[in-house]
Amino acid sequence: MKRVERYLGFAFANADLLLEVDGAGVVRFAAGAVLALTGYSDVELVGRPLAGLLAPGDAALARRVLGALGDNDRSVPRPVRLCRRDGRVVVCALAAYRLQSSPLLNVTLCQLAAGPAALPAPQDVDPATGLLTSAAFARAAGANLAQEGEGDERAAADALTLVDMNNLADVRARLTAEAEGQLMTEIGAVFRQHGGGVAGRVADHRFGVLAPAGLAEQITRDIRRIAADLGLDQPLEVESRTLDGDKLGLSRADRSRLLLHALRRFAEAGPAAVDVLSGHSAAAGFVQDAVGCLARLRDDLGGNRLSLVYEPIVDLKTGRMHHLEVLSRFNGDRPGAVITLAEELGVINDVDMLVCSLAMRALERAPADIVLAVNLSAVSVGSDLFMQSLMAQLKAQPGLSGRLMFEVTETGQMGDLDRARAVLGAVRRLGHPICLDDFGVGMASFTYIRALDFDHVKLDGSFIARMCVDKREEAIVAGMLALCRGLGVTAIAEHVENPEQMLRLRGLGCAMGQGWLFSREMERPQRRDVDLRALSRPSAWRPTVVDAGC
């Protein structure tokens with residue numbers, strides 16, 4: 001075999017397409033599955049810009065990756081969307097290599113077997129930057145930080161760089177729509193270049209990325225340089241903090257907890273909020289911050305500042321109220337930040353147990369036909385101590401059988417699914433139905449529905465909100481409803497806000513609904529049903545702000 005053939009064989013053993021690209025980003029040579037991947041022949045591809053073959057955000061990423069290569073330097077593969085001639089998109093891993101003294105760069109593209117699944121779900125992506133949303137980034141960072149690794153892999157997993165562009169909104173306001181879009185695309189490309197798939201927009205002008213600590217200064221420089229590269233009149237004001245997990249002297253579980261706590265604090269209050277958590281005193285700072293937060297949380301729990309409110313779930317055929325979801329309030333506010341804090345500090349079990357106890361007490365005083373549903377975090381389901389305590393209370397109050405339901409939320413991960421199946425099965429055998437909350441949002445919900453037995457499944461409200469204006473969203477809802485029917489579980493649609501959504505859901509076979517549309521109709525005391533025929537008339541609909549859940 002000739003030497004050149006060996007090199008080609010080496011390249012194609014790891015890729016489907018080999019390109020040579022010049023300094024201007026123009027393809028000068030193409031070989032491999034050119035027609036199959038791009039729709040062009042190798043001759044037609046030569047002379048075309050590489051950027052023209054990629055989705056806009058990925059084109060900016062590729063340009064940055066190629067521009068950062070030194071002699072004999074190879075890039076880490078990054079997933080990109082290759083746009084075929086016929087408009088179809090092929091998800092590929094792009095990698096590049098610059099041979100010493102060569103004016104051309106070698107670029108390989110390998111089609112990923114996972115296809116679109118190799119990329120984040122659309123609802124997990126910030127459309128302006130292509131980065132993960134705040135919630136998706138927290139999930140991805142948590143999963144990455146929990147992994148064991150060595151060397152560079154471990155360093156990449158344990159260093160969290162947080163970047164605040166305080167004047168970003170002001171800069172964007174001065175730009176045309178096209179220039180603003182380009183700015184946000186370039187910002188996203190910088191973070192994706194250095195952080196791969198674990199980079200996110202955690203607030204309007206705040207970003208986070210998991211990357212080796214040594215790249216923090218480079219990330220900051222690259223962000224500052226964007227304004228000059230785009231010819232903007234106003235530079236970006238960039239302030240960053242980097243927390244290096246390897247320097248914390250903590251166990252992997254504790255460093256993961258600290259970094260995720262820092263991420264939340266940064267998203268809420270900016271760089272100054274995490275200063276106490278950085279440097280050599282990070283562990284002490286975390287303890288100090290956590291102790292203060294924990295004291296306030298325990299004070300709220302012990303001081304009767306947790307209250308319950310209720311939201312009805314309605315039978316879409318009859319209009320009768322089926323049950324009420326129990327929603328907790330801390331000092332009258334929604335508990336999102338409190339729940340996150342409770343998980344970070346390891347006291348979510350205390351919160352869940354208190355809510356369960358208050359719900360049981362409420363049922364003892366309520367009419368016999370009232371059924372309540374209480375949220376249980378996956379963390380609590382995974383706790384032997386919590387579940388044993390809950391089971392003891394349920395056995396001590398057999399009169400609550402059939403009147404108290406539990407919704408399993410995906411706020412945390414259940415590790416041992418066989419154990420979870422057993423403990424939830426024991427709860428069901430006592431007559432307490434189990435519901436899977438927020439179905440369709442994360443991959444964990446599909447894992448749960450495969451491994452665990454549920455009586456009800458709640459379709460996440462993000463799908464319901466768009467189903468009447470987007471055929472794709474309606475098709476997804478129809479598919480989830482078909483899955484529920486196939487599994488023999490009852491479907492509940494969240495965030496039903498208008499009659500059109502209600503009628504569409506009822507036509508698709510959805511059994512129950514929850515949301516503003518029904519909550520406002522049940523504000524009157526002792527109301528147990530909704531006049532669905534009246535709601536079906538457009539004149540009956542008026543948006544009313546009521547408690548619509550979390």
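The values are calculated or read from the model by the stated rules, or taken from the named source; none is laboratory data. Computed from a predicted model, the values in this text were never measured in an experiment. A quick note on method: Cβ atoms are made from the backbone with ideal geometry, for glycine too, and the neighbour counts reach across all protein chains shown. Just so you know, the surface numbers come from the protein's heavy atoms only, side chains and all, with ligands and any DNA or RNA stripped out. Shrake-Rupley method; radii C 1.70, N 1.55, O 1.52, S 1.80 Å.
The modelled label-to-label distance for the pair Ala422/Val76, using points 7 Å beyond Cα in the direction of Cβ, is 3.9 nm. Remark: spin-label model distance Arg485-Asp455 equals 2.3 nm, labels positioned 7 Å along the Cα→Cβ axis.
Around the amide H of Glu407, modelled in the peptide plane, lie the amide H atoms of Val374, Asn375, Leu376, Cys435, all under 5 Å away and 5 or more residues distant in sequence or on another chain.
State the percentage of accessible surface on the stretch 40-110 attributable to carbon and sulfur atoms; use a 1.4 Å probe and exclude ligands, DNA and RNA. Let's see the in-between values first.
On the way: 1850 of 3450 Å².
Roughly 54 percent, rounded to a whole number.
Take the stretch 7-148 with all the other protein chains still there, run a 1.4 Å probe, and you get 49 Å² of accessible area per residue.
Around the amide H of His432, modelled in the peptide plane, lie the amide H atoms of Gly402, all under 5 Å away and 5 or more residues distant in sequence or on another chain.
The simple Förster model, with R0 at 22 Å and r as the Cβ-Cβ distance, assigns Arg365 and Ala392 a FRET efficiency of 0.55.
Amide hydrogen proximity for Leu236: with H placed 1.01 Å from N in the peptide plane, the residues at 5 or more positions away or on another chain lying under 5 Å are Ala227. Atom-type composition of the exposed protein surface of the stretch 435-519 places 55 percent of the accessible area on carbon and sulfur (1.4 angstrom probe).
The apolar share of the surface of the stretch 191-251, taken as the fraction of accessible area on carbon and sulfur atoms (1.4 Å probe, ligands and nucleic acids excluded), comes to 45 percent. Across the stretch 176-183, coupling constants 3J(HN,Hα) worked out from phi with the 6.51/-1.76/1.60 Karplus curve, θ = phi - 60°, read 6, 4, 5, 5, 5, x, 5, 4 Hz, and Gly and Pro carry x. Surface analysis of the stretch 400-513 yields an accessible area of 41 Å² per residue, using protein heavy atoms and a 1.4 Å probe. Rolling a 1.4 Å probe across all protein chains gives Tyr310 an accessible area of roughly 90 Å².
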